Amino acid sequence: MKISLLLLFSLTLGLSSLSAQELAPTLPAPGPPVTPLLPVDKMAEQAQRELFEATERGNTTNSTDAIPVTGGPIVTSSGRKTTFAAPKLEDPAGWPKDSQRKLAVMEVSFGGAIETVMFELFSNETPMTVSNFLDNCETGSYNGLAFHRAIANFIVQTGDPLTADEGARDRWGTGGESKTVPAEIKRAHRKGAVAMGRRNDNVNPSRKSNGYQFYFALGNYGSMDGKYTVFGQVVSGIETLEKISNMPVDSNDCPIARIEIKSIKVIDHKGPLVAKDEDFGDKRKYSKPAAAKGFMERILERVW
């Protein structure tokens with residue numbers, strides 16, 4: 001009990017000193033109850049999660065400044081967090097043949113392999129955010145950056161320029177403030193939502209986005225709506241992000257093993273995506289459009 005209280009006190013001091021650098025939601029998914037059998041590092045992790053949850057409950061229970069978001073969610077509240085029943089996602093295999101979409105194809109180095117995550121960008125609803133994201137992709141700003149935050153089945157976050165340097169690990173999550181983007185808060189946090197990180201309301205009352213950092217929501221979180229700019233939606237590869245969220249992390253929720261973005265390519269895609277297998281729902285994988293494939297990929301496809 002003494003160890004747990006000391007850990008809780010030190011974590012509280014740490015959180016208060018870094019509050020100005022907070023760049024993402026602080027509402028992790030509920031973890032298992034603490035038992036005396038948990039090792040000390042797990043007790044610290046649980047104490048941190050309880051602090052985050054207590055803070056979020058205090059900030060959202062009586063919130064009156066939420067901005068209406070699109071998507072038609074049915075909001076419900078429970079003791080720990082607010083969720084919503086989101087409408088069923090449109091199947092990318094059924095996208096109309098004449099439809100035009102902007103699609104980001106992200107290659108991630110994970111577990112000794114390269115895995116693909118694809119997400120649609122909402123250019124019409126969040127034009128400034130998407131334009132900034134395109135600039136970052138075109139200049140290669142995301143290439144070689146690590147995922148610096150992973151909370152099991154809640155969010156994974158990346159895009160911090162500081163993560164290019166392993167020696168700066170103690171400052172990961174605080175970079176990217178050299179530029180900001182005005183808030184474009186319109187979309188709800190449904191599973192697979194892609195949103196920009198930002199500094200907290202105390203130092204950023206207009207809720208401007210960080211110019212680089214972005215995260216993926218791994219559930220439907222109504223309590224985060226009206227607070228962060230959602231600018232995209234995962235259409236393939238959600239299972240990869242879920243695996244990342246379950247990787248071992250340090251006391252700052254940073255994955256211990258380096259998980260890295262190899263590249264992000266944004267293309268203008270017309271028509272439906274081609275399903276790679278028969279899995280349904282958000283677990284279905286889709287083939288990369290031809291415009292997103294490299295020279296060697298196209299050669300290998302012809303050979304095989």
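Worth a mention:
- Residues Lys208, Lys179, Lys276, sorted by accessible area with the largest first, give Lys276, Lys208, Lys179 [1.4 Å probe; ligands and nucleic acids excluded].
- Separation between Cα centres of the range 132-166 and the range 93-107, rounded to whole Å: 23
- Accessible surface ranking for Leu162, Leu218, 1.4 angstrom probe, highest first: Leu162, Leu218.
- Estimated translational D of the range 99-277 in µm²/s (Stokes, Kirkwood radius over Cα pairs; 20 °C; 1.002 mPa s): 131
- Cut-off 12 Å between beta-carbons: net charge of the residues surrounding Gly211, Lys and Arg +1, Asp and Glu -1: +1
- Cross-link pairs beyond the 22 Å C-alpha cut-off, checked among Lys243/Lys270; Lys265/Lys285; Lys227/Lys262; Lys227/Lys270: Lys243/Lys270; Lys227/Lys262; Lys227/Lys270
- Derived from the Cα gyration tensor, the three semi-axes of the equivalent ellipsoid of the range 95-201 are 24, 18, 15 Å, largest first.
- Exposure of Tyr228 as accessible area (Å², to 10), given a probe of 1.4 Å and all protein chains: 30
- When only Cα pairs below 8 angstrom with a gap of at least 6 residues are kept, the range 99-277 shows a relative contact order of 35 percent.
- Counting only protein chain heavy atoms and rolling a 1.4 Å probe, the accessible areas of Ser178, Ser287, Ser245 rank, largest first, as Ser178, Ser287, Ser245.
The values are calculated or read from the model by the stated rules, or taken from the named source; none is laboratory data. Just so you know, these numbers come straight off a predicted model, no measurement behind them. Please note: Cβ atoms are built from the backbone with ideal geometry, for glycine as well, and neighbour counts cover all protein chains shown. Surface areas here come from the heavy atoms of the whole protein model, side chains and all, with no ligands, DNA or RNA. Shrake-Rupley method; radii C 1.70, N 1.55, O 1.52, S 1.80 Å.
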